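The values are calculated or read from the model by the stated rules, or taken from the named source; none is laboratory data. Given the structure is predicted, the values throughout are model-derived calculations rather than measurements. Because the Cβ atoms are built from the backbone with ideal geometry, glycine has one as well, and the counts that use them run over all protein chains shown.
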Amino acid sequence: MSSHDPETPRQPLARHLAGPLTDEDAPVLVLSHGITDSAACWADAVGRWSASGYRIVALDARGHGDSPRWDEGDLADQDTAGARLAADLTDALEDLRAHGLDGSGPLRAPLIAVGHSMGGVTSLDVAARCPDLLDAVVAEDPAFVTPAWRRLLALDAVRRVRDMRQVAADPEARVRLEQAAHPTWPPVEVRASVEASCGVDLRFIALGCVSPPTPWQEVIDSLAVPTLIVTGTDRVVLRGDNLTNITVRANPWISTAVVLGAPHCVRRTFPERFHAVTDPWLAHLPRVRDK
């Protein structure tokens, strides 16, 4: 496959819409999933937030779900792939802001990015660089990584690709395994996660890329929209000093919440506790866009 022709626009990310779509005043939540997942992996949250009056735009990241596969030029290394993750989300948000959910005209309602892991750090990166696009961000255990961690992820990528191939070879076996390992996960999301793994673009997984290349310090210091970072305490990215290093920078726009005992998938493991943190915070945001 040849690299992308810069004169040819890239295909946009796939969108999955839910909620009161005809209510032009309803805030819009743009959901960005973690690596190897898809928009379908938000099913439980989509149901809850839709019932609370939010319009939902759940995105499939490039190479995931129904979105286009990766261009070779963007797969040169972790930096180029990470930059494409951020550019894709920026493009999606710019289009929503300019044309709305149905293309009928500019979006007047608040636009809020919500992301997990890869999607969480990408949402924070875009919010830091383009504050006029967004009104708030919620990031669930965002995948902030150091240069050393990036090297380890690259070394582990071969194992990750092998694991994805094993999932695709017997998805039902993996569904049973995941259900036993994660009994509190919404069953619909267990299956959706396995199905997403079966179709992910393995060329992207082989890079070990989980985030845009912007240093985490720059992202944290640059954020200038209301931001909620939610993490746990069990094998999470933002544990110990990783979370302290964020909070000591004292950016007044950032709030943090720790769900004790929760792993990296905070929301799936403890849905009620996750929503008890995020939903009141979302409810206190202005319901009218002030930008």
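Out of all the residues in segment 78-116, which are under 16 Å from Ala127 (Cβ atoms) and among the polar types (S, T, N, Q)?
Thr90
Residue under question is Leu238, and the condition is that it be crowded, with 16+ Cβ neighbours inside 10 Å and closer than 22 Å to Leu282 by Cα; does it hold?
yes
Residue by residue, here is whether (1) more than 30 Å from His182 (Cα to Cα); (2) at pLDDT 95 or above; (3) charged (D, E, K, R) holds:
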{"site": "Pro212", "(1), (2), (3)": "no, yes, no"}
{"site": "Val225", "(1), (2), (3)": "yes, yes, no"}
{"site": "Gly232", "(1), (2), (3)": "no, yes, no"}
{"site": "Thr244", "(1), (2), (3)": "no, no, no"}
{"site": "Val259", "(1), (2), (3)": "no, yes, no"}
{"site": "His264", "(1), (2), (3)": "no, yes, no"}
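Would you be able to say whether some residue in segment 188-197 is touching a strand residue (DSSP E or B) at 6+ places or on another chain (Cβ under 8 Å) and surrounded by 14 or more Cβ atoms within 10 Å (Cβ to Cβ)? Working first, answer last.
As a first pass, look at segment 188-197 and keep what is touching a strand residue (DSSP E or B) at 6+ places or on another chain (Cβ under 8 Å): none.
So far as segment 188-197 goes, no, none of its residues is touching a strand residue (DSSP E or B) at 6+ places or on another chain (Cβ under 8 Å) and surrounded by 14 or more Cβ atoms within 10 Å (Cβ to Cβ).
Looking at Ser38, Ser67, Ser50, can you tell me which residue is surrounded by 15 or more Cβ atoms within 10 Å (Cβ to Cβ) and in contact with a helix residue (DSSP H, G or I) (Cβ under 7 Å, 6 or more places away or on another chain)?
Numbers: Ser67 fails: in contact with a helix residue (DSSP H, G or I) (Cβ under 7 Å, 6 or more places away or on another chain); Ser50 fails: in contact with a helix residue (DSSP H, G or I) (Cβ under 7 Å, 6 or more places away or on another chain).
Unique residue meeting the criteria: Ser38.
Would you confirm whether any residue within segment 190-203 is among the acidic types (Asp, Glu), outside any helix (DSSP H, G or I) and modelled with pLDDT of 95 or more?
Yes, there is a match, as at least one residue in segment 190-203 is among the acidic types (Asp, Glu), outside any helix (DSSP H, G or I) and modelled with pLDDT of 95 or more.
Output the residue which, of all residues in segment 101-127 that are touching a residue at least 60 places away in the same chain (Cβ under 8 Å) and assigned to a loop (DSSP other than H, G, I, E, B), is surrounded by the fewest Cβ atoms within 10 Å (Cβ to Cβ).
Taking the candidates together, the pick is Asp102.
From the list Ala143, Ala81, which one is hydrophobic (A, V, I, L, M, F, W, C) and in a loop (DSSP other than H, G, I, E, B)?
Within the list Ala143, Ala81, the selection yields Ala143.
When Val161 is evaluated against the numbered criteria (1) part of a loop (DSSP other than H, G, I, E, B); (2) under 17 Å from Ala81 (Cβ atoms); (3) at pLDDT 95 or above; (4) not polar (S, T, N, Q), which criterion, by number, is the only one it fails?
Condition (1) is where Val161 drops out.
If you take the residues in segment 204-245 that are among the aliphatic types (A, V, I, L, M) and in a helix (DSSP H, G or I), which one is farthest from the chain's Cα centre (by Cα)?
Leu243
One line per residue, one yes/no per condition, for (1) in contact with a Cys (Cβ under 8 Å, 6 or more places away or on another chain); (2) in a helix (DSSP H, G or I); (3) closer than 19 Å to Trp185 by Cβ; (4) not charged (D, E, K, R):
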site: Glu24; (1), (2), (3), (4): no, no, no, no
site: Leu29; (1), (2), (3), (4): no, no, no, yes
site: Asp37; (1), (2), (3), (4): no, no, yes, no
site: Cys41; (1), (2), (3), (4): no, yes, yes, yes
site: Ala45; (1), (2), (3), (4): no, yes, yes, yes
site: Val57; (1), (2), (3), (4): no, no, no, yes
site: Gly63; (1), (2), (3), (4): no, no, no, yes
site: Ser67; (1), (2), (3), (4): no, no, no, yes
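For the structure I just gave you, tell me whether Ala181 is of a type in the set (Gly, Ala, Ser), more than 24 Å from Ser67 (Cα to Cα) and without any contact (Cβ under 8 Å) to a residue 40 or more places away in the chain.
Yes; evaluated as a whole, the condition is true for this residue.
Search segment 228-277 for residues being hydroxyl-bearing (Ser, Thr, Tyr) and touching a residue at least 60 places away in the same chain (Cβ under 8 Å), and hand back the single one that is farthest from Gln217 (Cα to Cα).
Top of the filtered list is Thr269.
Just to be sure I understand, how many residues within segment 74-95 are crowded, with 19+ Cβ neighbours inside 10 Å and within 20 Å of Ala58 (Cα to Cα)?
Final tally of qualifying residues: 8.
Could you please tell me which pairs satisfy a Cβ distance under 8 Å, a separation of 6+ or placement on different chains, a first residue in segment 196-216 that is within 17 Å of Ala76 (Cβ to Cβ), and a second residue that is part of a loop (DSSP other than H, G, I, E, B) and of a type in the set (Val, Ile, Thr)?
If the second residue must be part of a loop (DSSP other than H, G, I, E, B) and of a type in the set (Val, Ile, Thr), the pairs left are Ile205/Ile35; Ile205/Thr36; Val210/Ile35; Val210/Val145; Ser211/Val145.
Exactly one condition in (1) buried (at least 17 other Cβ atoms within 10 Å of the Cβ); (2) in contact (Cβ under 8 Å) with a residue 40 or more places away in the chain is false for Val167; which is it?
Evaluating Val167 over (1) buried (at least 17 other Cβ atoms within 10 Å of the Cβ); (2) in contact (Cβ under 8 Å) with a residue 40 or more places away in the chain leaves (2) as the failure.
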